[in-house]
């Protein structure tokens, strides 16, 4: 079994348009959440959202490539551009090697709805445009990025609700560990527009704490009232250790554990038992104990039931060790299909710069979160090993463990 390392990463999120901006936001506990008046005009119960800067791709890509990219694929492209640069993986290397791509994405609502609106208004499918099909398919990210970057290895999209990005990295880890690939571009992307989140809002899943948007996302806090939608793109370059050493790549960290499970219960409610199985599987895969984990980046989305189940699961597995815990969703909101990948990038930045980002807005614990070692202010601390949780609708669970290379 081969060793799997991370040699590059990139991000485009509400915390920043590159790794440096994102790191600065994380360190200072700076929220990227705003109140969007457009959503209120659409009839949204909640107008809260993560503010993600639109992509500016003129000068980077030709028109044909640009019109084929969905919103989330634009974010993923920019994150991947940064990740490949940081991994020192240029086009010459990619052309000579079978570099793959596995990316998490579970919707492309804006592209689908815009095409439907044209047909309804004009009664002519010829007016939809030649790029629409490549924007609207769920595999919009992988089909576009594999074409743009001329990738010749594994190529498909992982669709697993809010665990999509995490499972993409987990599967990439397995493909490389088993010797089936040497390098894989992995990540997650999420569109940020009113088309994408109307049904979520209709479930009353979103916080309505609109008076102070930066205080709305409150993972683990007793007074949380729902999540805040967000998105963007996040990429990590996974590589076989020997390959990375051979080409002189920067080795940032090693992926050592991947756990997964299905709750097999309610379609939207969380399950402590399912999460425990995912956590324990990741620890077993990494050949680690609860005491080896320095920091847990929790999935905690700021929903009453979801946060409670995760707090119970973390306490059940890590109760005696009490590692530091925070949910970066307190600053970003819930980045959905992207979250499992972005939270690896966020935690990697903490590991690189020796700090733990705070779980902002955590003011009053409930009976379950009171049992955890939740970080409320930035802690400057060395992190040798971190664990990241991602859970999604349908009961899909994913846990990743990353270790510092010494």
Cα-derived Rg over Rh, computed across the chain with Rh taken as Kirkwood radius = 0.96
inquiry  = Springs between alpha-carbon pairs under 10 angstrom, Gaussian network model over the chain: which of 172, 306, 104 fluctuates most?
reply    = 306
key: Ratio Rg/Rh, restricted to the range 89-162 and using Cα atoms, in which Rh is the Kirkwood radius   = 1.12
message = Under 10 Å, Cα contacts only: if you run a Gaussian network model on the chain, which one of 253, 321, 309 comes out with the highest mean-square fluctuation?
response = 321
request  = Express in whole angstrom the spacing between the alpha-carbon centres of the range 333-364 and the range 202-241.
outcome  = 11
The chain - share of DSSP beta bridges that are antiparallel (%, nearest 5) = 65
ask   = Relative contact order of the chain: what whole-number percent is it, with Cα pairs under 8 angstrom and at least 6 residues apart?
value = 24
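Enter the mean projected area of the convex hull around the alpha-carbon atoms of the range 257-404, in nm², rounded to one decimal.
Working: hull surface 30.3 nm².
With every direction weighted equally, the projected area is 7.6 nm².
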key: Amide N of the range 164-206 lying under 18 Å from the label point, which is placed 7 angstrom from the Cα of residue 93 along Cα→Cβ   = 173, 176-177, 181-187
key: Protection proxy ranking of 68-74, 163-169 - average other beta-carbon atoms within 10 Å, highest first   = 163-169, 68-74
remark   = In whole µm²/s, the translational diffusion coefficient that Stokes-Einstein assigns to the range 4-246, given a Kirkwood hydrodynamic radius over C-alpha pairs, 25 °C and 0.890 mPa s, equals 130
query = Can you pull the semi-axes for the range 242-287, root of five times each eigenvalue of the Cα gyration tensor, sorted largest first, whole Å?
reply = 34, 11, 7
request  = With both partners inside the range 257-404, how many of the DSSP beta bridges are antiparallel, as a percent to the nearest 5?
outcome  = 65
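How would you rank 293-305, 122-134, 77-89, 210-222, highest first, on the average number of other Cβ atoms within 10 Å across their residues?
Working: 293-305: 24.5, 122-134: 13.0, 77-89: 22.8, 210-222: 21.2.
Packing order, densest peptide first, comes out as 293-305, 77-89, 210-222, 122-134.
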message = What percentages make up the Cα-Cα pair-distance distribution of the range 1-115 when the bins are 10 Å wide from 0?
response = 11, 31, 37, 17, 5, 0
note = With label points set 7 Å from each Cα along the Cα-to-Cβ direction at residue 138 and residue 289, the distance between them in nm comes to 4.2
key: Per-residue Cβ neighbour rank within 10 angstrom, fewest leading, 260, 200   = 200, 260
message = Which one, 245, 192, 255, has the greatest fluctuation when you compute a Gaussian network model over the chain with C-alpha springs under 10 angstrom?
response = 245
ask   = What list do you get for 236, 4 if you sort them by fewest beta carbons within 10 Å?
value = 4, 236
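Throughout, read-outs are computed from the coordinates displayed, never taken from laboratory work. What you are looking at is a predicted structure, and each value in this text was computed from that prediction instead of being measured. FYI the Cβ positions are ideal-geometry reconstructions off the backbone, even for glycines, and counts take in every protein chain you see.
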